[in-house]
Amino acid sequence: MIPETLRHGAVMLAAGIGIPVLAALNAQLGARIGSPAAAAAVLFVVAFAGALAVMLLTRGTGGLILLPRQPPHLFAAGLLVAFYVLSITWVAPRFGIGNAIFVVLLGQMIAAATIDHFGLIGAQLRPLSALRGTGIAVMAAGLLMIQRG
């Protein structure tokens with residue numbers, strides 16, 4: 001049996017691989033149809049259909065009844081994913097897939113370290129160590145080296 005942490009890591013590695021592929025595919029669609037916003041809308045329709053299918057297949061519909069009782073700020077995640085998809089679809093062809101994804105990754109590391117450090121949004125408290133801070137700084141330096149190359 002594969003350890004749970006390895007399974008989780010594999011799923012997230014696949015998700016990470018999918019992000020630049022998503023960016024390249026949607027940027028290409030946006031360029032071909034002349035509208036990054038329309039390409040993003042199509043992506044969300046396809047994503048909704050996929051998520052709906054998984055929800056139905058896993059019998060996950062029971063949680064829908066609890067949605068009206070949830071705090072409104074939890075729904076901001078939808079706006080954040082829309083912002084990500086719209087921005088990557090528009091920026092990636094102009095900035096480069098690698099550059100765009102690297103800056104996204106840097107932003108993710110900064111946000112994740114902040115959320116963990118302060119235990120925000122229900123996250124487990126994990127104070128920022130010198131090692132983690134140095135890692136983020138090294139990533140920023142790497143971005144500068146990539147941009148100058």
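Remarks
- For the chain, adding -39500 (n - 2.57) for each run of n ≥ 4 DSSP H residues and dividing by the number of residues yields -26500 deg cm²/dmol at 222 nm.
- Span-like helix check, the chain: qualifying full DSSP H segments, with Cα axial length of 18 Å or more and mean Kyte-Doolittle of 1.0 or more, are 36-57, 76-95, 97-118, 130-148.
Each value in this text was obtained by applying a stated rule to the coordinates, not by laboratory testing. These figures come from a predicted structure and were not determined experimentally.
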